[in-house]
Protein chains: 2
Amino acid sequence: MKTRIHVTLKTGVLDPQGRAIAHALEGLGFAGIGDVRVGKLIELELADGTSDADIDAMCRKLLANTVIENYRIERA
Amino acid sequence: MKTRIHVTLKTGVLDPQGRAIAHALEGLGFAGIGDVRVGKLIELELADGTSDADIDAMCRKLLANTVIENYRIERA
């Protein structure tokens, strides 16, 4: 079973990587660039019986830093 | 206009970060972990008139390394 975890920085947390991307895009001549935020996309191949609670525990224990990051679980 | 870019490694490209995550999850006691792949999720706030061609150009020129990465554009 394929599962996707989207890990994004919480609102208010500075994102220097996103700022760098915004500047670089402007430097390349693209206009109208606003806020840019960079997150992670983790694709896991899990056994079919894996429960939602287990996946949530994986996120909280390892995949996301819940102090500064939000996560969203998407089961395929 | 909010736009999400999903950048993922192409099939066949080794993903040491994904391997490390798989090992760490097993170390934490989770069973049934198969392949794990880590990609990037880039959220851009763009001007409303930005064309699909422009967004595609941003991906090819800066956001993804098309030698080893695929990208998918999701307009909100």
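Rule-based calculations on the coordinates, nothing more; no lab input. These figures come from a predicted structure and were not determined experimentally. All Cβ positions, glycine included, derive from the backbone under ideal geometry; neighbour counts span all protein chains shown.
Could you tell me whether A:Ile21 is farther than 18 Å from B:Ile21 by Cα, aliphatic (A, V, I, L, M) and either in contact with a Cys (Cβ under 7 Å, 6 or more places away or on another chain) or surrounded by 13 or more Cβ atoms within 10 Å (Cβ to Cβ) (or both)?
On the way: farther than 18 Å from B:Ile21 by Cα: yes; aliphatic (A, V, I, L, M): yes; either in contact with a Cys (Cβ under 7 Å, 6 or more places away or on another chain) or surrounded by 13 or more Cβ atoms within 10 Å (Cβ to Cβ) (or both): yes.
Spelling it out, A:Ile21 is indeed farther than 18 Å from B:Ile21 by Cα, aliphatic (A, V, I, L, M) and either in contact with a Cys (Cβ under 7 Å, 6 or more places away or on another chain) or surrounded by 13 or more Cβ atoms within 10 Å (Cβ to Cβ) (or both).
Give, as residue ranges, the strands (runs of 3 or more DSSP E) completely inside chain A that count at least 3 residues that are free of Cβ contacts under 8 Å to residues at least 24 places away in the same chain and at the interface with chain B (Cβ under 7 Å from one of its Cβ atoms).
On the way: elements: A:2-9, A:33-46, A:69-75.
In chain A, A:33-46 are the strands (runs of 3 or more DSSP E) which contain 3 or more residues that are free of Cβ contacts under 8 Å to residues at least 24 places away in the same chain and at the interface with chain B (Cβ under 7 Å from one of its Cβ atoms).
Report, by residue number, each residue of segment A:25-76 that is crowded, with 18+ Cβ neighbours inside 10 Å and of a type in the set (Asp, Glu).
Start the filter on segment A:25-76 by keeping residues that are crowded, with 18+ Cβ neighbours inside 10 Å, which leaves A:25, A:30, A:33, A:36-44, A:46, A:50, A:55, A:58-59, A:63-64, A:71.
Of everything in segment A:25-76, just one residue is crowded, with 18+ Cβ neighbours inside 10 Å and of a type in the set (Asp, Glu), namely A:Glu43.
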